[in-house]
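These notes are about the structure you will find just below.
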Amino acid sequence: MPRGKSAVKRVIAPDPKYHSVLVAKFINTVMKRGKKTVAQKIVYSAMQKLQEKNKEDALKGFEKVMNTVKPQVEVRSVRVGGANYQVPMPVTSDRQNALAFRWIIIAAQSRKEKTMAEKLLAEMSDVLAGTGASLKKREDVHRMAEANKAFAHFARRA
């Protein structure tokens, strides 16, 4: 049982260009050392190029990428009778977004392109094409959950 009160969820204002809370949260995740305008330039540039490349609305393309990368289940460690089990559990929507953001950013950072905007664009394009490191990460998480399905009955203990 946690002590004290649980932290209050902050309300994030939608981003100025697309008026989307999802894009605003992604910008905040991309941001380093409080440099929000730099993060906005990176994300907006990548989304603009994605729009030109795929001939569809930038926001729709971004949401499609996010929905493709979001995990449905993940494994959590649960200790039962002195043994640790990897128990598959459904992922809450907030955590789905957080994981998708993190996986896309990490995958983009490890790419070879020159600027972060180009890396982000390349990763988003790969996800839409059905490849990409972030999509592979999601498949790995799902595969791990599938492999540990036998321990699902421990889920109610966690």
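The values are calculated or read from the model by the stated rules, or taken from the named source; none is laboratory data. Here the structure is a predicted model, which means the values were calculated and not measured. Note: ideal-geometry Cβ built from the backbone for every residue, glycine included; neighbour counts use all protein chains shown.
Quick notes
- The lone exception for N54 - which of (1) touching a residue at least 24 places away in the same chain (Cβ under 8 Å); (2) of a type outside the set (G, A, S); (3) out of contact with any Gly (no Cβ under 8 Å at 6 or more places or on another chain) it fails: (3)
- Residue within segment 119-139 that is touching a residue at least 12 places away in the same chain (Cβ under 8 Å) and exposed (fewer than 13 other Cβ atoms within 10 Å of the Cβ) present: no
- Checked against (1) over 19 Å from Q40 (Cβ atoms); (2) over 17 Å from the mean Cα position of the chain (by Cα), T115 passes all but a single condition, namely (1).
- When the criteria are applied in full, R79 meets the requirement of being farther than 18 Å from F26 by Cα and out of contact with any His (no Cβ under 9 Å at 6 or more places or on another chain).
- Restricting attention to segment 1-47, the residues that are out of contact with any Phe, Trp or Tyr (no Cβ under 7 Å at 6 or more places or on another chain), β-branched (V, I, T), in a helix (DSSP H, G or I) and free of Cβ contacts under 8 Å to residues at least 60 places away in the same chain total 4.
- Single residue of segment 71-90 satisfying the filter (surrounded by fewer than 18 Cβ atoms within 10 Å (Cβ to Cβ) and in a loop (DSSP other than H, G, I, E, B)) that is modelled with the highest pLDDT: Q72
- Those residues of segment 46-83 which are of a type in the set (D, E) and within 18 Å of K17 (Cβ to Cβ), in sequence order: E52, E56, D57, E63
- A145 being surrounded by 15 or more Cβ atoms within 10 Å (Cβ to Cβ), touching a helix residue (DSSP H, G or I) at 6+ places or on another chain (Cβ under 8 Å) and not basic (K, R): no
- K60, sole failed condition from (1) out of contact with any strand residue (DSSP E or B) (no Cβ under 8 Å at 6 or more places or on another chain); (2) among the charged types (D, E, K, R); (3) more than 30 Å from K9 (Cα to Cα): (3)
- Segment 61-99, subset farther than 20 Å from A122 by Cα and among the acidic types (D, E), residue farthest from the chain's Cα centre (by Cα): E74
- Exactly one residue out of I12, I42 is buried (at least 17 other Cβ atoms within 10 Å of the Cβ), more than 16 Å from the chain's Cα centre (by Cα) and of a type in the set (V, I, T): that is I42.
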